[in-house]
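Engineer: Pasting in a structure now, in structure tokens, and then I'll have a few things to ask.
Laboratory data are not the source of any read-out in this text; all were calculated from the coordinates shown. Being a predicted model, the structure only gives us computed values, none of them experimental. Neighbour counts run over all protein chains shown; Cβ positions are idealised from the backbone, glycine included.
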Amino acid sequence: MDRYRPDRCPGALRPWPADDGLLVRLRLPGGRVGATALDALGRFAERYGDGHVHVTSRSNLQVRGLPGASDLPADVLAELEATGLLPSRTHDLARNVMASPRTGLASAPADLRPVLRALDAAICGDPVLGGLPGRFLFVLDDGTGDLLGATCDLGLVALDDAHGQLRVGDGWGDVVPVSSAHEELVVLARAFLRARGGGPSAAWHVRELPSPLVPARSPDPRVPSPAPPLPYGAVPGGRHVPVPSDGLDRSAVERLCAAAPELVVTPWRGVLIPEENR
């Protein structure tokens with residue numbers, strides 16, 4: 001695919017200059033966010049932005065209407081960093097990891113929370129992976145099929161509690177132990193960076209590479225069928241609350257933060273309040 005500009009997906013250190021001010025995006029691996037951090041971000045949005053916390057279809061958070069011409073003023077960035085939602089400046093754009101929102105909370109072939117934590121730590125701990133494009137996406141499906149329909153660059157679909165099959169671009173990779181899946185994904189991510197080329201025309205996605213990253217595999221017979229989006233309301237594992245199109249205002253943020261110590265932003269523009277925390 002021919003391109004003539006680098007990826008411009010926004011982050012905290014690379015805001016997007018929108019009509020109403022700067023827009024920043026904060027990556028939440030697996031959509032998981034502590035109530036303390038979300039409350040701090042709500043206060044930040046009220047003080048510096050449009051007063052709302054917005055969600056994305058990749059389970060991330062955004063704040064818009066922020067001051068600055070191209071970058072946040074140093075004091076504003078320091079306030080944003082104080083929320084705890086920017087743990088690595090060098091990997092601000094690289095922590096794009098979606099995971100089944102109810103993994104470990106509702107019945108599924110595997111609990112992928114340990115994989116999610118290990119993958120995020122491995123990404124942040126690898127200086128090379130700080131160079132991943134802002135649009136590069138890891139997707140972890142716990143075997144329920146809820147994220148099987150999501151396009152990804154690299155991913156894992158659990159087959160049982162000990163094994164999963166890798167997703168590589170639009171195809172399939174090896175069946176690997178769940179316990180070491182994060183290591184396999186990091187190896188593939190580094191291979192992508194070596195193969196993508198350089199300059200403005202460098203590939204953003206695995207499917208754009210001139211040759212396959214790995215030999216194609218057939219999907220394992222245990223791969224589930226895609227599941228529909230999680231409905232709003234009471235669901236096994238918790239309660240799924242929709243987020244208005246204009247985002248969460250201060251009162252909405254306060255209600256969510258009072259409901260549970262940890263929340264899960266979902267890919268369906270909602271927030272899951274885990275049942276174990278209610």
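Engineer: Quick check: anything in the stretch 61-79 in a helix (DSSP H, G or I) and either among the hydroxyl-bearing types (Ser, Thr, Tyr) or closer than 24 Å to residue 155 by Cα (or both)?
Structural biologist: no
Residue-wise test of (1) surrounded by fewer than 21 Cβ atoms within 10 Å (Cβ to Cβ); (2) under 18 Å from the mean Cα position of the chain (by Cα).
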{"position": "66", "(1), (2)": "no, no"}
{"position": "69", "(1), (2)": "yes, no"}
{"position": "76", "(1), (2)": "yes, no"}
{"position": "93", "(1), (2)": "no, yes"}
{"position": "96", "(1), (2)": "no, yes"}
{"position": "99", "(1), (2)": "no, yes"}
{"position": "102", "(1), (2)": "no, yes"}
{"position": "106", "(1), (2)": "yes, no"}
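Engineer: Can you tell me which residue in the stretch 120-134 is surrounded by the fewest Cβ atoms within 10 Å (Cβ to Cβ), limited to those that are out of contact with any Gly (no Cβ under 7 Å at 6 or more places or on another chain) and in a loop (DSSP other than H, G, I, E, B)? So that I can check it myself, show each step before the final result.
Structural biologist: If we filter the stretch 120-134 for residues that are out of contact with any Gly (no Cβ under 7 Å at 6 or more places or on another chain), which is where we start, we get 120-133.
Those left that are additionally in a loop (DSSP other than H, G, I, E, B): 125-126, 132-133.
On the way: 125: 11, 126: 16, 132: 25, 133: 21.
The extreme case among them is 125.
For (1) without any contact (Cβ under 8 Å) to a residue 60 or more places away in the chain; (2) surrounded by fewer than 17 Cβ atoms within 10 Å (Cβ to Cβ); (3) aliphatic (A, V, I, L, M), each residue gets a yes or a no:
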residue: 203; (1), (2), (3): no, no, yes
residue: 212; (1), (2), (3): yes, yes, no
residue: 216; (1), (2), (3): yes, yes, yes
residue: 219; (1), (2), (3): yes, yes, no
residue: 225; (1), (2), (3): no, yes, no
residue: 248; (1), (2), (3): no, no, yes
residue: 255; (1), (2), (3): yes, yes, no
residue: 261; (1), (2), (3): no, yes, no
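Engineer: Among (1) over 19 Å from the mean Cα position of the chain (by Cα); (2) outside any helix (DSSP H, G or I); (3) free of Cβ contacts under 8 Å to residues at least 60 places away in the same chain, there is one condition residue 25 misses while meeting the rest; what is its number?
Structural biologist: It is condition (1) that residue 25 fails.
Engineer: A further question on this structure: Assuming residue 235 fulfils every condition listed in (1) among the aliphatic types (A, V, I, L, M); (2) in contact (Cβ under 8 Å) with a residue 24 or more places away in the chain; (3) surrounded by 17 or more Cβ atoms within 10 Å (Cβ to Cβ); (4) out of contact with any Lys or Arg (no Cβ under 6 Å at 6 or more places or on another chain) apart from one, which condition is it?
Structural biologist: (3)
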